[in-house]
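The values are calculated or read from the model by the stated rules, or taken from the named source; none is laboratory data. Quick caveat, the model's predicted, so the values are computed rather than measured. All Cβ positions, glycine included, derive from the backbone under ideal geometry; neighbour counts span all protein chains shown.
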Amino acid sequence: MRAVRLQAVGRIELAEVPDPVPAFGEILVRVEAAGICGTDRHLYKGEFPCAPPVTLGHEFAGEIVGCGPGVALDLGTRVACDPNIACGGCEQCLRGRTNLCLRNVAVGIHRDGGFADLVAFPAHRAVPVPGLHPHHAAFAEPLACTLHGVDMGAPVPGERVIVLGGGVIGLLAVQLARNAGAEVTLVTRHPAKRELALQVGATHTAATEDEARALLPKGADLVLECAGVAETVEMAPRLTRSGGRVVVLGVLPQGETVRIEPFDLLFREIQLLHSFINPFTQTRAAAMLATGRVNVAPLISRIIPLSEAAATIANPAAAGEVKVLVVPG
């Protein structure tokens, strides 16, 4: 079969590899759609820890075509992969913080993932998504991660929320905050993404910090940082009202630092929180996609074949691009 393999930092290629064989407790899935994530580009550049050589792809959905010993799931069932495999026995798992598992193994990062014709992974990490289009089912993982961050920020009706960054996480966060009853302003320099934000539920948009401040002179109750760049992480507290909250969902390169003024956070009692992956939120995400509470169709910028995935990951995202889906087909 074909697979997009990260052979080493800075080296990614489409390769022919043996078909995977599901082990005990695993299923074999024919991949129907897989999303390219900013983390994939961080992995390619060596900015996020992984275990090459490895087949990338942690946002994917497909059809069960085989089961290993100990599994009795119906062949033909469409599933979305929850890629994080917690050990269940470390101190973090035992206190319910499975996203902080000391021995977490992530599909598409530490073991072979979904940029391939076929993938094997544990059956208990498969979320059934019957009736959901595979292009939409592939959004279950990024939506689950966004849900965790918005849960931490806990917006309530009538609050004002600023979302920094118009990528897929930012545009999903816009919809979740609006679903919670908040007014939402998206801040991004890209005109097409501002237009898209209005389409999916933003109340206002702004291109710059100054424009956002003009809209909300006292600041927002909650700021969701979804861009993953130092500029917006530093901007987030400045756009937060006294007594407000900041949740950082964006992923900065490992080792990068930002400038924060602790006195300002102290004097205005700003909560500065960070959100990591998707503990116990994947099933909720799949249900939201199935019922249409979150609209992902407008977020699909391009659909490409597996043969173009390596080059797409190795190069920066095109201006205005939100989500590129890989369809092995």
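Below are the figures for this structure:
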{"read-out": "Leu43 being farther than 16 Å from Leu118 by Cα and within 19 Å of the chain's Cα centre (by Cα)", "value": "yes"}
{"read-out": "Count of residues meeting criterion [of a type in the set (Gly, Ala, Ser) and either within 13 Å of Asp40 (Cβ to Cβ) or free of Cβ contacts under 8 Å to residues at least 12 places away in the same chain (or both)] in the stretch 281-329", "value": "7"}
{"read-out": "Scope the stretch 37-61; condition within 12 Å of Val107 (Cβ to Cβ) and either among the charged types (D, E, K, R) or touching a Lys or Arg at 6+ places or on another chain (Cβ under 8 Å) (or both); matching residues", "value": "Ala51, Val54, Thr55, Leu56, Glu59"}
{"read-out": "Condition check for Gly170: under 20 Å from the mean Cα position of the chain (by Cα), in a loop (DSSP other than H, G, I, E, B) and within 21 Å of Ala318 (Cα to Cα)", "value": "no"}
{"read-out": "Selected residue (criterion: farthest from Arg111 (Cα to Cα)) from residues of the stretch 1-25 that are under 25 Å from the mean Cα position of the chain (by Cα) and in a loop (DSSP other than H, G, I, E, B)", "value": "Gly10"}
{"read-out": "Of the criteria (1) aliphatic (A, V, I, L, M); (2) over 18 Å from Ala177 (Cβ atoms); (3) under 23 Å from the mean Cα position of the chain (by Cα), which one Leu273 fails", "value": "(2)"}
{"read-out": "Index of the failed condition, Leu56 passing every other in (1) out of contact with any Phe, Trp or Tyr (no Cβ under 8 Å at 6 or more places or on another chain); (2) in contact (Cβ under 8 Å) with a residue 12 or more places away in the chain", "value": "(1)"}
{"read-out": "Checking Ala212 against (1) hydrophobic (A, V, I, L, M, F, W, C); (2) out of contact with any strand residue (DSSP E or B) (no Cβ under 6 Å at 6 or more places or on another chain); (3) in the same structural domain as Val251 (by TED's automatic domain parsing), the condition it does not meet", "value": "(2)"}
{"read-out": "Ile303 being closer than 23 Å to Gly114 by Cα and more than 14 Å from the chain's Cα centre (by Cα)", "value": "yes"}
{"read-out": "Residues (of a type in the set (S, T, N, Q), under 24 Å from Leu299 (Cα atoms) and not in a loop (DSSP other than H, G, I, E, B)) located in the stretch 200-255", "value": "Thr205, Thr232"}
{"read-out": "Spans of strands (runs of 3 or more DSSP E) in the stretch 26-139 with at least 2 residues touching a Pro at 6+ places or on another chain (Cβ under 8 Å)", "value": "26-35, 60-67, 78-81, 118-122"}
{"read-out": "Per-region count, the stretch 46-77, residues over 13 Å from Leu6 (Cα atoms), among the small types (Gly, Ala, Ser) and touching a strand residue (DSSP E or B) at 6+ places or on another chain (Cβ under 8 Å)", "value": "5"}
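Rundown of residues vs (1) out of contact with any strand residue (DSSP E or B) (no Cβ under 8 Å at 6 or more places or on another chain); (2) touching a residue at least 40 places away in the same chain (Cβ under 8 Å); (3) surrounded by fewer than 24 Cβ atoms within 10 Å (Cβ to Cβ), yes/no style:
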position	(1), (2), (3)
Ala116	no, yes, no
Ala126	no, yes, yes
Leu143	yes, yes, no
Leu164	no, yes, no
Leu171	no, yes, no
Ala180	yes, no, yes
Ala192	yes, yes, yes
Ala220	no, yes, no
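Residue-by-condition table, conditions (1) at pLDDT below 95; (2) charged (D, E, K, R); (3) within 20 Å of the chain's Cα centre (by Cα); (4) assigned to a loop (DSSP other than H, G, I, E, B):
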residue: Thr257; (1), (2), (3), (4): no, no, no, yes
residue: Leu265; (1), (2), (3), (4): no, no, no, no
residue: Pro279; (1), (2), (3), (4): no, no, yes, yes
residue: Met288; (1), (2), (3), (4): no, no, yes, no
residue: Asn295; (1), (2), (3), (4): no, no, yes, yes
residue: Pro298; (1), (2), (3), (4): no, no, yes, no
residue: Ala310; (1), (2), (3), (4): no, no, yes, no
residue: Gly329; (1), (2), (3), (4): yes, no, no, yes
